[in-house]
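In what follows, a structure is listed as structure tokens, so that the remarks can point back to it.
Read-outs: derived from the displayed coordinates by stated rules, not from any lab. Since this is a predicted model, take the numbers as computed values, not measurements. No Cβ is skipped: glycine too gets one built from the backbone with ideal geometry, and neighbour counts run over all protein chains shown.
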Amino acid sequence: MKGLTLSCLVAAILLSGCSSVTSTSTITSKTTKTIKQSTNTQFLMGGKIATNEEADVTAKVSAKVSEISVDLGSKVNEGDVIIKLDTTDLQGQVDQAQAALNTAKANLTNAQNSTRPEQIAQAQASLNSASQSYQTVKKNYDRVQALLNEGAATQQELDTANQQLSAAEAQYKTAQEQLNMLNNGPTKSSIDVYQAQITQAQAALKTAQTSLNNAIITAPISGIVNARNINVGDIASTDKVLVSIINTNNLYVNAYAPADIISKISEGQSVIAKVSEIPDKEFHGKIAVINSTLNSQSRDILVKVTLTDKDTNLKPGMFAEIGLDK
């Protein structure tokens, strides 16, 4: 009886073992089939993904950042407002330039009319006011200069004070010339001077208005923000890249093909791209350009492949292998 029981146990173990082998064989067979399917495309060349359109955004004026409406990965359209700069000082410059223009126009009008005692009195009052304003602005400039030397002020504050000083000095000189011309009586040369002052004031106003407009920074192209180097409260300078934008709708690969496969490819031919960072997906493309020059060292030929699939996961700098679409 014990012998019979032992025999049955051995038989059961053997049957179980056979069943495991069969199952493993089936898995191995399926795995082999999957590998053959995934390697059906022969990848013959490779290179890095690049874009035909990208832009580094910089400021045209130096000012503090008051608002940022984009972040890393944000989608933008050309013309969208992405950064706003503080306009307090810039608006002040516009107001000063507008006042100088108004004064220049008034001076021309007065010069073209006969001189009256009240005009001279008014010109003297304007000169006194301009002199006081100049002295006040000059003291502020000297104060900021001293603070900058001690490390307690910024270069931007000194630049602003210098601009205010220049404007105050110009107004003082204009007021002085106005009084002198009224005392001496209008001449053709004096009229020409007033006209030149108007032209100069108009140019200064245009420059100030342009600087104010440049405080609104817009996207130069449509695309995705792939770098942001500025925060609210920081000073945006003209030599600093604030935001970088790339257009991922126009991606391509500069691939290098061995010389012995050149006869197998042609411009306009469909290809398959495999990207190492996105292993579970293949992308379609077309051969756009085949360079006619052979690299003397590597014996490869540069082939430009445009990617026709639009996928936000594709990024410039990723490595792509290129295979022929069968």
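Assuming R0 = 25 Å, can you tell me the calculated FRET efficiency for the pair Asn77 and Ser270, based on Cβ-Cβ distance, to the nearest 0.05? The pair Asn77/Ser270 has a calculated efficiency of 0.25. Using bins of 10 Å that start at zero, the share of Cα-Cα pairs per bin across the stretch 169-238 amounts to 14, 29, 19, 15, 13, 8, 2, in whole %. Under 5 Å from the amide H of Asn250 lie the amide H atoms of Asn52, each residue being 5 or more positions distant or on a separate chain, with H modelled from the backbone and absent for Pro and chain starts. Number of Lys pairs in the stretch 194-326 with C-alpha atoms less than 26 angstrom apart, excluding same-chain neighbours closer than eight positions? Total qualifying Lys-Lys pairs in the stretch 194-326 comes to 24. Taken along the Cα-to-beta-carbon direction at a fixed 7 Å, the label points for Gln91 and Lys64 span 1.4 nm. Work out the P(r) tail for the stretch 88-203: percent of alpha carbon pairs separated by more than 17 Å, whole number. The calculated P(r) of the stretch 88-203 puts 58 percent of pairs beyond 17 Å. If R0 is 45 Å, the Cβ-Cβ spacing of Ala259 and Asn213 corresponds to a FRET efficiency of close to 0.25.
FRET efficiency for the pair Ala146 and Ala50, taken as 1/(1 + (r/R0)^6) with r the Cβ-Cβ distance and R0 = 35 Å, rounds to 0.10. A crude spin-label estimate for the pair Ser292 and Gln176, with each label 7 Å from Cα along the Cβ direction, gives 7.1 nm. The amide H of Ala63, built 1.01 Å from its N in the peptide plane, has Ala236 as neighbours under 5 Å, considering only residues 5 or more places off or on other chains. Full extension of the chain between Ala99 and Ser222 gives 40.3 nm of extra length, using 0.36 nm per residue less the Cα-Cα distance.
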